[in-house]
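Q: Structure below; questions to follow.
The values are calculated or read from the model by the stated rules, or taken from the named source; none is laboratory data. Please read all numbers here as calculations on a predicted model, not as lab measurements. Cβ sites come from the backbone with ideal geometry, for glycine too, and all protein chains shown count toward neighbours. For accessibility, only protein heavy atoms count, side chains too; no ligands or nucleic acids. Shrake-Rupley method; radii C 1.70, N 1.55, O 1.52, S 1.80 Å.
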Amino acid sequence: MNVYSRSSQKRIRVAVLGATGLVGQRFVQLLDQHPWFQVVALTGSDRSVGSEYAQACHWLLPTPMPDWAKNLTVLPTQPEAVDVPMAFSALPSGIAREAEPLLAQAGTVVCSNASAFRNEPDVPLVLPEVNPQHTSLVAWQRQKRGWKGFIVTNANCTITGLTIVLKALSDAFGIQRAFAVSLQAISGAGYPGVASMDILGNVVPFISDEEEKMEWEPRKILGQVQDRGVEPSNLEISAHANRVPVSDGHMVCLSLGLSNAGSMQEVANALCGYLPPEISRQLPSTPPAVIQLMDEADRPQPRLDIMTGRGMTTVVGRLRPDPLLDYKMVILSHNTIRGAAGGSIYNAELVVQQGLVG
Ligand SMILES: NC(=O)c1ccc[n+]([C@@H]2O[C@H](COP(=O)([O-])OP(=O)(O)OC[C@H]3O[C@@H](n4cnc5c(N)ncnc54)[C@H](OP(=O)(O)O)[C@@H]3O)[C@@H](O)[C@H]2O)c1
């Protein structure tokens, strides 16, 4: 089914799980008037269940809460309450581990932001610009678990832009090793997140489990999908994760060593010219450019560049030679759009386009 015929059909009824949180509200914002999906259910914790969304949600986005969402009653995160073909999960990981399988078992396709199932061998970890073919794991997942629905996950917000860059350069030159240092926004920790006394005028050089995710998730995404799991890429990554006093936008300072030599112009061309696989090129959330390369000496900056391509484009700047490895650069990606809700919606569009829903 192509995009045109899908958009002329009735929209698919969807739920947002954990709709009151930072990522949950991004879903509500991005799904407003989505051509394929119509939000009919919003869930929260016991704190919010039974309240209207407008009362339960401390709305933090610069655009107004959509009118259709205001009067929806917040539901419990259970299949009996949420009877929809597709759900977007913005649940904390521990809650997702319990709730998402119940929904998948009941027949719902769950597009999850949570880390709970990313490392399961039968669960696809997908960036549509990079590895749409990994959704072939869905057949095995359904068979193995006896589910009518399934779970597909998107990547950790910090590694999203990083992995897109690694893919573009590994296609062109191969990559042997990468050294990555993150500068992560406070919105990455949810709401209320990091205490202002801890982060204002400060940098916190530790984010629980983040460096581990930065080191293994790109290897799964860049790996070879097989009938029973993914053979991870043998790329070596060393990561440092830091929380910085920025509201939105995760940066990664990346140095990498290529397998095959390329000039700086060739590296720049590989980044600018990177195209997503065919199936991901014309979905509603496809960014106008997957990667935008900036020439200015002091860009990208989160405040100035984070909304490039509606928050879906990976912005790269400061491309230069690296005296230890081959090249270094700075990557910027929107953590609650491309790295969370927008990425999950892009995954949902992909699995619909692949005929895996309904
Ligand atoms: N923030 C980011 O940049 C980002 C990026 C990528 C992935 N993620 C992941 O996305 C998920 C959500 O993150 P967030 O930043 O939006 O967190 P958050 O602001 O803390 O929101 C958490 C949401 O989960 C709900 N919730 C909490 N306990 C629950 C329970 N027992 N049952 C049902 N719902 C429950 C909350 O509902 P109430 O308000 O009703 O309590 C709220 O809607 C996490 O897994 C996170 O790791 C976040």
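Q: Output the antiparallel fraction of DSSP beta bridges having both residues in the range 123-244, as a percent to the nearest 5.
A: That works out to approximately 35 percent antiparallel.
Q: Within the range 190-206, what residues put their amide N at less than 16 Å from the label point 7 Å along the Cα-to-Cβ vector of H58?
A: Within reach of a label on H58: 190-199.
Q: Could you do me a favour and compute the accessible area per residue for the chain, 1.4 Å probe, result in Å²?
A: Per-residue accessible area for the chain comes out at 42 Å².
Q: Between C272 and N71, what is 0.36 nm times their sequence separation minus the Cα-Cα distance? Round to one decimal in nm.
A: 68.0 nm is the gain from fully extending C272 to N71.
Q: Okay, next question. Taking θ as phi - 60°, what are the ³J(HN,Hα) couplings along the range 244-256 by the Karplus curve (6.51, -1.76, 1.60), each to the nearest whole Hz, with x for Gly and Pro?
A: Values, residue by residue: 10, x, 10, 6, 9, x, 9, 9, 10, 8, 10, 10, 9 Hz.
Q: Provide the per-residue ³J(HN,Hα) series for the range 196-206, in order, calculated from phi with Karplus coefficients 6.51, -1.76, 1.60 and θ = phi - 60°, each as a whole number of Hz, with x at glycine and proline positions.
A: 4, 5, 7, 10, 5, x, 8, 9, 10, x, 7
Q: To continue, here is another question. I need the trypsin sites (Lys or Arg not before Pro) found in the range 273-358, filtered to DSSP loop residues with at most 15 other beta carbons within 10 Å of theirs.
A: R281
Q: Would you calculate the separation in nanometres between label points at M307 and E98, each defined as 7 Å from the Cα along the Cα-to-beta-carbon direction?
A: Here the answer is 3.9 nm between the modelled labels.
Q: How high is the FRET efficiency between S238 and D295 when r is their beta carbon distance and R₀ equals 25 Å, given to the nearest 0.05?
A: The value I calculate is 0.35.
Q: Separation of the range 237-282 and the range 291-358 by C-alpha centroid, Å?
A: What the calculation gives is 8 Å, centre to centre.
Q: Efficiency by 1/(1 + (r/R0)^6): what FRET value for R177 and S208, r their Cβ-Cβ distance, R0 = 22 Å, to the nearest 0.05?
A: 0.35
Q: Can you compute 3J(HN,Hα) from phi for each residue in the range 15-29, using the Karplus curve 6.51 cos²θ - 1.76 cosθ + 1.60 with θ = phi - 60°, rounded to whole Hz and x for Gly and Pro?
A: 10, 10, 9, x, 6, 7, x, 4, 6, x, 6, 4, 4, 4, 5
Q: Run the reach check for K167 against lysines, Cα to Cα strictly under 25 Å, same-chain hits fewer than 8 apart removed. What comes back?
A: Here the lysines satisfying the reach criterion relative to K167 are K213, K220, K328.
Q: The range 173-246: which chymotrypsin sites (Phe, Trp or Tyr not before Pro) are DSSP loop and have at most 14 other beta-carbon atoms within 10 angstrom?
A: The qualifying sites are F206.
Q: Next up: Let me know the longest stretch in the chain that avoids all GluC sites (Glu not before Pro) found in a DSSP loop with at most 15 other C-beta atoms within 10 Å.
A: Result for the longest clean stretch: 81-295.
Q: What number comes out for the charge environment of P76, summing +1 per Lys or Arg and -1 per Asp or Glu over other residues with Cβ under 13 Å away?
A: In short, -3.
Q: Now a separate question. Loop-only check: which trypsin sites (Lys or Arg not before Pro) in the range 25-116 are DSSP coil with at most 16 other Cβ within 10 angstrom?
A: Here the sparse-neighbourhood loop sites are R47.
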